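Step one of this worksheet: look at the structure below.
The values are calculated or read from the model by the stated rules, or taken from the named source; none is laboratory data. Treat the numbers as computed from the prediction; the structure is a model and nothing was measured. Here Cβ is always computed from backbone atoms with ideal geometry, including for glycine, and neighbour counts include all displayed protein chains. These accessible areas exclude ligands, DNA and RNA; they are computed on the full protein's heavy atoms, side chains included. Shrake-Rupley method; radii C 1.70, N 1.55, O 1.52, S 1.80 Å.
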Amino acid sequence: MPSANRISTPVAVDEEVIEGRYAALDEYTVAFETYKADVDPAPLFTGLPDDRCQCPHWGFVTSGQITFRWPDHEETYCAGDAYYAPAGHLPLVTGGSTIVEFSPTTELEATMAVIGANMAQAGASA
């Protein structure tokens, strides 16, 4: 059975606000993410349906907190909480937070392609 841990999974993203480590587990991707600062990445989802994340996530907050916002409500999870965030959300993360999150790889890759293009465009504009 495949497995992954934060220590042995290489750093794939090391940006000003996030360090991300990602590993494939069959048809899912596990993410080990550390947020270095408060972040509202809503603009990065522009171009997806309703400009919101279309990938569901199952996760666990190991420190800090994460809030998921849908058009009609929001839910906040703190250290020690497990969560399920269905598609159609926007995340809001507090600096110092760490999470472990599982996502279907196909949906995650489609979402990350849009996020990556938006990041590249923002970088070119800076």
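Mind running the shape call on the stretch 33-75? Use the C-alpha gyration tensor, a ≥ b ≥ c as the square roots of the eigenvalues: rounded below 1.5 for a/c, prolate if a/b tops b/c, oblate otherwise. Walk me through the intermediate numbers first.
Details: a/c = 1.86, a/b = 1.50, b/c = 1.24.
Taking the square roots of the gyration eigenvalues as a ≥ b ≥ c, the stretch 33-75 is prolate.
In nm, what is the difference between 0.36 nm times the number of residues separating HIS73 and ALA37 and their Cα-Cα distance? Mind showing how you got there, number by number?
Working: separation 36, 0.36 × 36 = 12.96 nm, distance 2.39 nm.
Net length gain for the segment: 10.6 nm.
Return the carbon/sulfur percentage of the accessible area of the chain, one whole number, probe 1.4 Å, all protein chains in place.
Numbers: 3920 of 6910 Å².
In the chain, the share of accessible area belonging to carbon and sulfur is 57 percent.
Quick check: residue separation of TYR83 and PHE102 times 0.36 nm, minus the Cα distance between them. What number comes out in nm? Numbers along the way, then the final one.
Values: separation 19, 0.36 × 19 = 6.84 nm, distance 1.03 nm.
The span from TYR83 to PHE102 would gain 5.8 nm if fully extended.
Obtain the nm distance between the two label points defined at GLU27 and VAL13 by a simple spin-label model: each point lies 7 Å from its Cα along the Cα-to-C-beta direction.
Spacing of the two 7 Å Cα→Cβ label points: 2.4 nm.
In square angstrom, what is the accessible area per residue of the chain with a 1.4 angstrom probe? Intermediate values should be presented prior to the final figure.
On the way: 6910 Å² over 126 residues.
It amounts to 55 Å² per residue over the chain.
For the modelled label position 7 Å from the Cα of TRP58 along Cα-to-Cβ, which residues of the stretch 74-107 have backbone nitrogen atoms closer than 11 Å?
83-85, 102-104
What translational diffusion coefficient, to the nearest whole µm²/s, does the chain have by Stokes-Einstein, given a Kirkwood radius computed over alpha-carbon pairs, a temperature of 37 °C and 0.692 mPa s viscosity? Show your work: numbers first, answer last.
On the way: Rh = 14.9 Å.
It diffuses with D of about 221 µm²/s by this estimate.
Over the chain, what is the mean sequence separation of C-alpha contacts under 8 Å (at least six apart), divided by residue count, expressed as relative contact order in percent? Could the numbers behind the result be given before it?
On the way: 272 pairs, mean separation 35.4, N = 126.
Computed value for the chain: 28 percent relative contact order.
For a quick protection proxy, order the peptides 36-46, 5-15 by their average other-Cβ count within 10 Å, most packed first.
Details: 36-46: 15.3, 5-15: 11.0.
Ranking the peptides 36-46, 5-15 by packing returns 36-46, 5-15.
Separation between the GLU109 and ARG6 pseudo-spin-labels, each 7 Å from Cα along Cα→Cβ, expressed in nm?
Between GLU109 and ARG6, the label points sit 2.8 nm apart.
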